[in-house]
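K.L.:
I'd like to ask you about the structure that follows.
Here, each number is a calculation from the coordinates, and none is a lab measurement. None of these values were measured; they are calculated from a predicted model. Backbone-built Cβ (ideal geometry, glycine too); neighbour counts: all protein chains shown.
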Amino acid sequence: MRDDVIICRCEDVTYGDIVRAVERGLTTTEELKRILRCGMGPCQGRTCSRLITRIIADKTGRSIEEIEHPVVRPPTRPVEIGVLAGDDEDRRGTGAPAGDDEG
Amino acid sequence: MRINEHPILEFVRGREIGFEFDGRKLTGREGETIAAAVHAAGVRVLRRSIKLKRPRGFFCAIGRCSSCLMTVNGVPNVMTCVTPLEAGMKVETQTDKGHVVHAEPRESRPGEPRDLGHVPLAVVGAGPAGLSAAIYAGRLGAESIVIDENNGAGGQLIKQTHMFFGSKEHYARVRGIDIGRRLLDELDRVPSRLMLGTTVLGLYGDGTLSLLRDGRHHCLSADAVVLATGASENMLAFPGSDLPGVYGAGAVQTLMNVYGVVPGDRVLMIGAGNIGLIVAYQLLQAGVEVAAVIEGLPEVGGYHVHAAKIRRAGVPIRTSHTILRAEGEDRVQRAAIARVDRDWTVLPGTEEELDVDTVCLAVGLSPNCELALMAGCDEAYVAELGGRVAVHGRNLETTLPNVLIAGDASGIEEASTAMLEGRIAGIEAAQRIVPNVDRSKLERMRSEAAEGLEALRAGPFGEKPRTGKEAMFRLAENA
C-alpha cells in the first residue's frame with residue numbers, strides 16, 4: 001500500500017501515518033485515535049475503523065479478533081450542542097443549567 | 001443526470017424547486033436530498049477535506065460517513081445525503097471544519113414534548129427485520145413504535161428491483177420494493193406506530209432511548225427494544241479511494257433506485273458477491289455502462305443466476321482481480337486493475353487501465369450494533385457474521401434483559417433471513433412483555449419462523465452465516 005493512501009477520510013490520516021505510529025508502539029485503536037485523531041471525526045470511525053484494525057493486525061502479527069475496538073458512546077451521530085443542552089423557553093435567560101435542574 | 005426510462009421503476013418526482021449552489025442557480029426536485037439534487041446537476045465535489053484539502057463527494061448516502069458535509073443556509077457540517085432539499089436553500093461547498101455564521105440562538109420550536117413517554121416495545125429500524133418484529137409482536141398483542149432515521153420505511157427493500165428466492169411464504173418471486181409495501185400493509189393491522197425521520201442517538205441499559213427528531217432531542221422509554229439497525233458498507237483503501245466518483249454500492253442503489261439519478265456513465269464494480277452482482281444489473285437497468293465487475297477471489301461469491309444475468313448483458317466478471325488505483329482531477333476519470341494470485345499479490349505485467357468515471361465498492365458489510373454496545377451488551381468478533389456483533393442467543397436475545405437484535409445488525413445475511421429473525425425477535429419480545437400472552441399461538445409462530453430460518457440457511461450459501469450463528473449461540477450460552 002502506498003503511504004499517501006487516505007485511511008481516515010474525516011481527519012485526513014494516511015496509511016503511512018498509521019504504520020509509523022504502530023511501529024512506534026501505538027498498537028491499539030484507542031492509542032491511535034488519541035495521537036492521530038483517526039476515527040474522531042464526524043463519522044466516528046464508521047468508515048475507517050475496520051481498515052485501521054486490519055493495519056494493526058498486519059503490522060503486529062495479531063489476529064483481528066484480538067484487537068480491541070474503540071468504546072461506543074452516544075450520540076450515534078454528530079448533533080448541535082443546543083440539541084443536547086436544550087433550548088427550552090423556560091430555561092432561557094435564567095442562568096440555570098439547560099439540563100437537569102439538579103445537574 | 002436523471003433516469004427517465006426504467007424497466008421496473010417509475011419515478012414520481014416532486015415539483016421543481018430552485019436553490020443556490022456556490023452562488024449558481026440550480027434546480028432540484030421536492031422530496032430529494034440536497035446531495036441527490038446537486039449530484040443530478042453534475043456537481044461531484046461537495047467539500048474539501050480539513051487538512052489536505054482533498055476533494056470529497058457523495059459516498060455512503062445514508063448519513064454514516066462525512067463525505068457530503070456542506071454548509072447549508074450558513075450552517076456548516078450539514079449531512080446533505082440525508083437532508084431534504086428545500087426551495088431557496090443556499091448550499092455551499094465546505095472547505096474546512098466549518099464556521100458558525102449565525103451566532104443568534106435559535107428560536108425555540110413548539111412541537112412534541114421532549115418526553116415521549118412510554119411504549120411497551122420500541123423497534124429501531126423500519127427495514128425487513130424491524131417491520132417483521134413489530135408485525136409479529138403486534139399479532140401477539142404487543143404495542144410498538146418503529147423508529148427509523150429515514151423519511152420512508154422499508155430499509156434497503158425500497159432499493160431492490162430484483163425478485164427474491166426461497167419459498168412462497170418467504171416472498172419468493174416478489175421484488176424487494178413490493179415486499180416492503182406488503183410489510184407496511186401488515187403493520188397497519190397491528191397496534192404499531194411508525195416514527196420516521198427520527199434518529200436514535202443513544203440507548204441506555206434501562207430501556208431509555210434518546211431520539212433526535214425535527215432538530216430536537218426527545219426521550220422514550222420501552223419495556224423491550226428490538227434493534228434492527230441493519231449494516232454499513234465496508235470501505236476499501238487504495239490510491240484515489242477517497243476521490244469523488246468512488247461510491248459504496250448501497251449509495252449507488254439509493255441514488256439510482258430511490259432518487260432516479262445515475263451515479264455516472266461508466267462504472268467499475270468491485271466485488272462479485274450478491275450485492276456487487278445485483279447492483280451491476282441495476283446499473284444496466286438504469287442505462288449505465290458497466291465496464292467490468294472484478295473480484296479478488298478466484299470464484300464469483302454471489303448466486304450464479306445473478307452472475308449469468310450480467311454476463312449475458314456483456315459485462316465481464318474478472319475473478320482474481322483487484323483495483324490498483326483510481327485517478328482523475330477532482331473526480332474519477334480512470335481506474336487501473338490487475339490480476340492477483342491467491343495471496344492477493346499483484347502479478348507483474350497484468351495491469352490494465354479502464355476508462356471509467358465511477359468505481360462502486362461492494363466489498364462486504366458490517367453489522368450496525370452500536371446501540372447494543374453502548375447500552376452495555378456483551379460483544380464478540382465473529383468473522384462469518386461480518387465482524388463485531390452483540391452476543392445473542394437463538395431467540396435473538398442479547399445479554400441485556402429485554403434488548404433483542406435482529407437482521408443484518410446481528411450478523412450479515414439477506415433480507416429473507418432478516419424478516420425471519422425480525423419475527424423471532426418480535427415474538428420473543430411479546431413473550432417477555434405481553435401479560436397473559438397466548439402461549440400456544442406464540443410457540444406455533446416461533447417454530448414456524450425458526451423452521452423457515454433453518455431452511456433458508458440450509459443451502460451452500462447459508463453455510464457461512466450458519467457457522468457464524470452457531471458460534472454466536474455457543475458464546476451466548478456461556479455468557
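K.L.:
Percent relative contact order of the range A:6-66, based on C-alpha pairs within less than 8 angstrom and at least six residues apart?
P.N.:
Working: 68 pairs, mean separation 22.1, N = 61.
About 36 percent, as a whole number.
K.L.:
Among B:Lys441/B:Lys469; B:Lys90/B:Lys159; B:Lys53/B:Lys97; B:Lys51/B:Lys97; A:Lys59/B:Lys97; B:Lys25/B:Lys90, which pairs are too far apart, with a Cα-Cα distance over 20 Å? Please report the intermediate quantities before stating the final value.
P.N.:
Working: B:Lys441/B:Lys469 26 Å; B:Lys90/B:Lys159 29 Å; B:Lys53/B:Lys97 11 Å; B:Lys51/B:Lys97 9 Å; A:Lys59/B:Lys97 32 Å; B:Lys25/B:Lys90 10 Å.
Listed pairs above 20 Å: B:Lys441/B:Lys469; B:Lys90/B:Lys159; A:Lys59/B:Lys97.
K.L.:
While we're on this one: To the nearest 20 debye, what is the magnitude of the charge dipole of chain B about its Cα centre, counting +1 on the Cβ of each Lys and Arg and -1 on the Cβ of each Asp and Glu?
P.N.:
Details: 53 positive and 59 negative charges, 101 e Å.
Value, rounded to 20: 480 debye.
K.L.:
May I ask you to sort B:Ser241, B:Ser410 by Cβ crowding, counting other Cβ atoms within 10 Å and putting the fewest first? Don't skip to the answer; put the middle values down first.
P.N.:
Numbers: B:Ser241 21, B:Ser410 31.
Sorted ascending by nearby Cβ count, the order is B:Ser241, B:Ser410.
K.L.:
State the Kirkwood hydrodynamic radius of the range A:6-66 in Å, one decimal place, computed from all pairs of distinct Cα atoms. Can you show the working numbers first?
P.N.:
Numbers: mean 1/r = 0.0897 Å⁻¹.
Its Kirkwood hydrodynamic radius stands at 11.2 Å.
K.L.:
Dipole of the protein assembly as shown, Cα-centred, from +1 at each Lys and Arg C-beta and -1 at each Asp and Glu C-beta, to the nearest 20 debye? Let's see the in-between values first.
P.N.:
Working: 69 positive and 79 negative charges, 197 e Å.
About 940 debye.
K.L.:
By counting other Cβ atoms within 10 Å of each Cβ, how are B:Val293, A:Val79, B:Val300 ranked from fewest to most?
P.N.:
Working: B:Val293 29, A:Val79 16, B:Val300 20.
The fewest-first ordering by Cβ neighbours comes to A:Val79, B:Val300, B:Val293.
K.L.:
Restricting to the protein assembly as shown, compute how many DSSP beta bridges are antiparallel as a %, nearest 5.
P.N.:
55
K.L.:
Further, regarding this structure: When only Cα pairs under 8 Å and 6 or more residues apart are kept, what is the percent relative contact order across chain B?
P.N.:
Numbers: 1153 pairs, mean separation 73.2, N = 479.
It rounds to 15 percent for chain B.
K.L.:
Before anything else, pin down the relative contact order of the range B:269-428: Cα pairs under 8 Å, at least 6 apart, normalised by residue count, whole percent. Provide the component values of the computation, followed by the final result.
P.N.:
Numbers: 294 pairs, mean separation 24.9, N = 160.
About 16 percent, as a whole number.
K.L.:
Could you work out [θ]222 nm for the protein assembly as shown from helices alone, using -39500 (n - 2.57) per DSSP H run of at least four and dividing by all its residues? Round to the nearest 500 deg cm²/dmol. Could the numbers behind the result be given before it?
P.N.:
Working: 14 runs with 152 residues, N = 582.
My calculation for the protein assembly as shown gives -8000 deg cm²/dmol from helical runs alone.
K.L.:
Starting from the Cα-Cα distance between B:His99 and B:Arg394, subtract it from 0.36 nm times their residue separation and give me the gain in nm to one decimal.
P.N.:
Working: separation 295, 0.36 × 295 = 106.20 nm, distance 4.92 nm.
Separation in residues times 0.36 nm, less the Cα-Cα distance, equals 101.3 nm.
K.L.:
A further question follows. May I ask you to work out the translational diffusion coefficient for the range B:222-334 at 25 °C, viscosity 0.890 mPa s, via Stokes-Einstein with Rh from the Kirkwood sum over Cα pairs, reported in whole µm²/s?
P.N.:
Numbers: Rh = 15.1 Å.
For these conditions, the coefficient is 163 µm²/s.
K.L.:
A further question follows. By counting other Cβ atoms within 10 Å of each Cβ, how are B:His321, B:His118, A:His69, B:His218 ranked from fewest to most? Intermediate values should be presented prior to the final figure.
P.N.:
Working: B:His321 24, B:His118 12, A:His69 17, B:His218 20.
Least to most surrounded, the residues fall as B:His118, A:His69, B:His218, B:His321.
K.L.:
I've got another one for you. If the chain between B:Glu470 and B:Arg266 were fully stretched, how many nm would it gain, using 0.36 nm times the residue separation less the Cα-Cα distance? Don't skip to the answer; put the middle values down first.
P.N.:
Details: separation 204, 0.36 × 204 = 73.44 nm, distance 4.18 nm.
Full-extension gain reported as 69.3 nm.
K.L.:
Placing one identical point scatterer on every Cα of chain B and ignoring solvent, what is log10 I(q)/I(0) from the Debye formula at q = 0.06 Å⁻¹?
P.N.:
For chain B at q = 0.06 Å⁻¹, log10 I(q)/I(0) is -0.27.
K.L.:
Filter the DSSP H helices in chain B by two things, a Kyte-Doolittle mean of at least 1.0 and an axial alpha-carbon span of 15 angstrom or more, and list the hits by number. Please list the in-between numbers first.
P.N.:
Working: long enough: B:128-139 (17 Å, 0.54); B:176-188 (18 Å, -0.26); B:274-285 (16 Å, 1.18); B:415-433 (26 Å, 0.34); B:439-457 (27 Å, -1.01); B:463-478 (23 Å, -1.34).
Membrane-span-like by this criterion, though nothing is claimed about a membrane: B:274-285.
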